[in-house]
Amino acid sequence: MALTAQDKAAVIKDHQRGDGDTGSPEVQIALITARLQDLSGHFKAHTHDNHSRRGLLKMVNHRRKMLDYLRKTDLERYRALIKKLGLRK
């Protein structure tokens, strides 16, 4: 299932840097993370869905690239986002 408009708005509100911010790396990474978490339930029910798994891997790689960019440009923002999203243990 795709994220509902209310879920997406809540994620954007939680991670935006200023009013009207929808394109910052933090918001984009948070939206992808929410979509990945939403898809995890699908793969528990449909273990052999390899076509959707390919899309999942593409999203994971896209998030990894954006995290690398954020780490290169501003390490403190990267660390805060990782902690907030709980990506690294």
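Selection within the stretch 23-49: residues that are surrounded by fewer than 12 Cβ atoms within 10 Å (Cβ to Cβ) and of a type in the set (Ser, Thr, Tyr). The member of this set that is farthest from the chain's Cα centre (by Cα) is 47. Here residue 18 passes the criteria (1) under 12 Å from the mean Cα position of the chain (by Cα); (2) outside any helix (DSSP H, G or I) except the one numbered (1). Can you confirm whether residue 65 is out of contact with any helix residue (DSSP H, G or I) (no Cβ under 9 Å at 6 or more places or on another chain) and among the basic types (Lys, Arg)? Yes, satisfied.
Let's see how each residue does on (1) modelled with pLDDT of 95 or more; (2) among the β-branched types (Val, Ile, Thr); (3) in contact with a Phe, Trp or Tyr (Cβ under 8 Å, 6 or more places away or on another chain):
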| residue | (1), (2), (3) |
| --- | --- |
| 1 | no, no, no |
| 4 | no, yes, no |
| 18 | no, no, no |
| 38 | no, no, no |
| 42 | no, no, no |
| 63 | yes, no, no |
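Apart from one condition, residue 52 fits all of (1) among the polar types (S, T, N, Q); (2) surrounded by fewer than 14 Cβ atoms within 10 Å (Cβ to Cβ); (3) under 16 Å from the mean Cα position of the chain (by Cα); (4) assigned to a helix (DSSP H, G or I); the exception is (3). Among residues of the stretch 1-26 that are under 25 Å from residue 42 (Cα atoms), those with a beta-carbon under 6 Å from a residue that is surrounded by fewer than 15 Cβ atoms within 10 Å (Cβ to Cβ) and among the β-branched types (Val, Ile, Thr) at least six positions away or on a different chain give the pairs 12/22.
For first residues located in the stretch 36-51 and closer than 17 Å to residue 86 by Cα, partners that are open to solvent by less than 100 Å² (accessible area, probe 1.4 Å) and assigned to a loop (DSSP other than H, G, I, E, B) and lie 6+ apart or on another chain with Cβ distances below 7 Å form the pairs 38/3. Listed by first and then second residue, the pairs linking a residue in the stretch 76-89 that is under 12 Å from residue 29 (Cα atoms) to a residue that is open to solvent by 100 Å² or more (accessible area, probe 1.4 Å) and in a helix (DSSP H, G or I), with Cβ atoms under 6 Å apart and 6 or more places separating them unless they lie on different chains, are 78/71. Going through (1) touching a Pro at 6+ places or on another chain (Cβ under 6 Å); (2) of a type outside the set (S, T, N, Q); (3) touching a residue at least 60 places away in the same chain (Cβ under 8 Å) one by one, residue 70 falls short only on (3).
The values are calculated or read from the model by the stated rules, or taken from the named source; none is laboratory data. All figures in this text were calculated on a predicted structure; none of them were measured in a lab. So basically every Cβ, Gly included, is an ideal-geometry build from the backbone, and we count neighbours across all protein chains shown. SASA here: full protein model, heavy atoms, side chains in, ligands and nucleic acids out. Shrake-Rupley method; radii C 1.70, N 1.55, O 1.52, S 1.80 Å.
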